[in-house]
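Engineer: Mind having a look at this structure? Questions to follow.
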Amino acid sequence: MTDDRAPDDDPQDGAAASPHASEAAGGRAARRPRSTDPRELGFTPRKPVPWLAPFLLISTGIRTLLAMLFGAYLDKRELQNAFGDGIFRQVGPDGGLWLDYVADLGDGFNATYSVAYLIAQRELEVDGHRLPRAQTLVMGGDQVYPSAAYEAYEDRCKGPYQAALPVSPPERPTLFAVPGNHDWYDGLTAFLRLFVRSRDRHFGGWDTGQSRSYFAVELPADWWLLGLDDQSGSYLDDPQLTYFDKVAERLGPQSRVILTVPAPTWVKAVDHPTAYDSIDYFIRTIIAPTGAQVRLLISGDLHHYARYAGPDRQLITCGSGGAYLYPTHKLPERIEVPPRDTLARRASTSRPYDLAGRYPDAARSRRYGWGIFPRLPLRNPGFTTLLGTLHTLLMLAMAGVVSNRTGTEQRLFSVPLVAMLVVTVLAAAFFAKPPSSGGKRHARHWILGVGHGLAHVGLAAAGTWAWLALPLYDWPWPLPAVAAAVVYGPVSGLVASQLVAAYLLVAGAFGVNVNELFAGQGIEDAKAFLRLRIDPDGTLTIYPIAVDRVARHWQVNPDQSPESSWLSPKHPLRPRLAEPPTTLT
């Protein structure tokens, strides 16, 4: 397993946050970095998370299982009733407002900082549109990967955003954040420490505005921004509902609502009909009685851009702030929200929504899938090593049976063949549908999983035949075991990784292990965020800003003005619109 604290490519040819990063906000000048030494930067630029690394797979599975079993005991939302119940207001100097939305951002430095750098610039020119820096920034969940450790927040989220906007500009932009499932792994401890504070209320050059893990913000022209914390779709706690009851007292028939939630449950409800229930309950019981309309739902969690258009509402997923790319070619072309087969009583009337825009497009998404063959071993050397170890043990077990050798030393270093076969097939079957993942296990999971396991058994049999044909196996013991570890292990690991890559590509076509197909590649490119404009007359325009290729090489910014980014890309980033702007009135 590689050290994910090391910077990607070169040691990030630029600098980042200084040791005095915490003193850099609030308009006070910060000492700008003069080198890329992490001791001066104040944080360590990290590589992308190797999601198929064995220890990471185990630890993530354990965290997910603990969150499922003990999440209610770690839930701090009930305690937030004592934090304050402020309702905030955001209006620009012209009576309108520019607002940014970014989610799933705390991963590898290159991707995370590329997006942060664009967000922090005074102005972007994108496909002929001049878009000034937003006065409000919303982070939509999963601000850090893979876990919610405070050090990971510093290196993967706060540090890059501090480097992008070191001090608060004159307009003093404000930051609001909702937690995603990765932010919840420690029960929100680190999240609350960073985003919900009573002092030093800043995050880089942004002031932090919220008093809980959820928030309500009044925007121009009777638009409202509501951020929900539903603890990975489980439920909305009573203090949160009470808070939004008070917010609802200020809504009326002319009010229009932007609702930001941790996950696009409108898409997930296609396979899990109950996924959308908590959002439907919130809209039906809190918003609808006021006569206000929810015109826009925004979420992250799925690492791409997708927009579903309905009769009076837009449903947007934009989880492209830094984490690995998730495919778009498997998205349903039409969904019903809420799904007709939900078990919720008194659910809202189902309405159709059509897939109106996505980034990357379906054809490019499919092409990305084929990159699994070279990227799997390169991005996940620990996973390849694990495969080589398992195949070496499987080969030694098979070779011992075929050659019928009964030496005591060899028995001590071998594993019974039947046990190895069972472990191999079961491991492949559970890989197709891990116990910690949601939803039902269908026949396709069993067929593909068991078939994958049998393919590895066949590969091991072929490898055993080839190994026994070599003179290495006839050497005095324990030289054959040493030769197997040195020669057979690396070769079999590489070949087995290609077998896994082929399986992921085939399984992905049937909707199985789609996440693993792309997580195993760790694709940094194809990132996006939203820039929204609310005009004084109430017109809302959504600009989905995409970056086809993130920067890999950085330099200390020659612009030394206090609010300029500490790093600039050696080769300019080229943002563009993922689709034409969407306008709501």
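The values are calculated or read from the model by the stated rules, or taken from the named source; none is laboratory data. This one's a predicted model, so the numbers in the text were calculated from it and none came from an experiment. A quick note on method: Cβ atoms are made from the backbone with ideal geometry, for glycine too, and the neighbour counts reach across all protein chains shown. What goes into the accessible areas is simple: the full protein's heavy atoms, side chains included, and nothing from ligands, DNA or RNA. Shrake-Rupley method; radii C 1.70, N 1.55, O 1.52, S 1.80 Å.
Engineer: For the charge dipole of region 194-340, defined by +1 on Lys and Arg C-beta atoms and -1 on Asp and Glu C-beta atoms about the Cα centroid, which residue among LEU251, ILE287, LEU325 has the Cα displaced farthest towards the positive pole?
Structural biologist: Positive-end residue among those listed: LEU325.
Engineer: Another one. In what order, largest first, do TRP467, TRP98 sit by accessible area if the probe radius is 1.4 Å?
Structural biologist: Largest to smallest exposure gives the sequence TRP98, TRP467.
Engineer: Normalise the Cα radius of gyration of region 306-388 by 2.2 N^0.38 Å (N = residues in it) and let me know the number.
Structural biologist: Computed over Cα atoms of region 306-388, the ratio equals 1.53.
Engineer: Using helices alone, what [θ] at 222 nm do you get for the chain, with -39,500 (n - 2.57) per DSSP H run of 4 or more residues, divided over all residues and rounded to the nearest 500?
Structural biologist: Rounded to the nearest 500, it is -10000 deg cm²/dmol.
Engineer: For Rg and Dmax of the Cα atoms in Å, the listed values are [x] 25.5, 97; [y] 25.2, 82; [z] 25.7, 86; which was obtained by calculation from the structure presented?
Structural biologist: [z]
Engineer: Pop the C-beta distance of ASP354 and THR242 into the FRET formula with R0 = 25 Å and round what comes out to the nearest 0.05.
Structural biologist: 0.10
Engineer: Could you work out the mean projected area of the convex hull around the alpha carbons of region 141-236, in square nanometres to one decimal?
Structural biologist: 6.8 nm²
Engineer: Between the helical axis of 109-120 and the dominant principal axis of the chain, each derived from Cα atoms, what acute angle in degrees is found, rounded to the nearest 10?
Structural biologist: For helix 109-120, the angle is close to 10 degrees.
Engineer: So if each residue of separation counts as 0.36 nm, and I subtract the Cα-Cα distance between HIS571 and ALA344, what length gain in nm does that give? Intermediate values should be presented prior to the final figure.
Structural biologist: Working: separation 227, 0.36 × 227 = 81.72 nm, distance 5.20 nm.
Between HIS571 and ALA344, full extension yields 76.5 nm more.
Engineer: Using the crude model of +1 on Lys and Arg Cβ and -1 on Asp and Glu Cβ, and no other charge, please compute the dipole size for the chain relative to its Cα centre, in debye to 20.
Structural biologist: 640 debye
Engineer: With every protein chain left in place, what is the accessible area per residue of the chain in square angstrom, probe 1.4 Å?
Structural biologist: Counting only protein heavy atoms, the per-residue value for the chain is 40 Å².
Engineer: When DSSP assigns beta bridges and you keep just the ones with both residues in the chain, what percent turn out antiparallel, to the nearest 5? Write down the numbers at each step before the final one.
Structural biologist: Numbers: 46 of 73 bridges.
Expressed as a percentage, antiparallel bridges in the chain total about 65.
Engineer: Here's a follow-up. My understanding is that a pair violates if its Cα-Cα distance is over 30 Å; which of LYS158/LYS246; LYS158/LYS330; LYS47/LYS433; LYS158/LYS570; LYS246/LYS527 do that in this structure?
Structural biologist: Those over the limit are LYS158/LYS246; LYS158/LYS330; LYS246/LYS527.
Engineer: Still on this model: With all protein chains present, how much of the accessible area of the chain (probe radius 1.4 Å) comes from carbon and sulfur, to the nearest whole percent?
Structural biologist: 59 percent
Engineer: Relative to the Cα centre, what is the charge dipole magnitude of region 482-550, using +1 at the beta carbon of each Lys and Arg, -1 at the beta carbon of each Asp and Glu, and rounding to the nearest 20 debye? List each step's numbers first, then the result.
Structural biologist: Numbers: 4 positive and 6 negative charges, 20 e Å.
I would put it at about 100 debye.
Engineer: Still on this structure, I have one more. Report the local net charge at GLY520: Lys and Arg +1, Asp and Glu -1, summed over other residues whose C-beta lies under 12 Å from its C-beta. If you can, show how the numbers build up before the last one.
Structural biologist: Details: positive: ARG375, ARG379; negative: GLU516.
Value of the local net charge: +1.
Engineer: Ok, one more. Can you compute the charge dipole magnitude of region 433-556 about its Cα centre, using +1 on each Lys and Arg Cβ and -1 on each Asp and Glu Cβ, nothing else charged? Give it in debye, rounded to the nearest 20.
Structural biologist: In total the dipole reaches around 300 debye.
Engineer: Please report, in cubic angstrom per residue, the volume enclosed by the convex hull of the alpha-carbon atoms of region 444-564.
Structural biologist: Convex hull of Cα atoms, per residue: 218 Å³.
Engineer: How far apart, in nm, are the 7 Å Cα→Cβ label points at LEU499 and ARG334?
Structural biologist: In this crude label model, LEU499 to ARG334 measures out at 4.3 nm.
Engineer: How many nm separate the modelled label positions at ARG441 and GLN560, each set 7 Å beyond the Cα in the direction of the Cβ?
Structural biologist: Modelled inter-label distance: 6.3 nm.
Engineer: Where the centroid of each part is defined by its Cα atoms, how far is region 489-529 from region 193-228 in Å?
Structural biologist: So the two Cα centres are separated by 38 Å.
Engineer: Follow-up. Quick one: Cα centre-to-centre distance for region 559-585 and region 169-188, in angstrom?
Structural biologist: So the separation of the two Cα centres works out to 21 Å.
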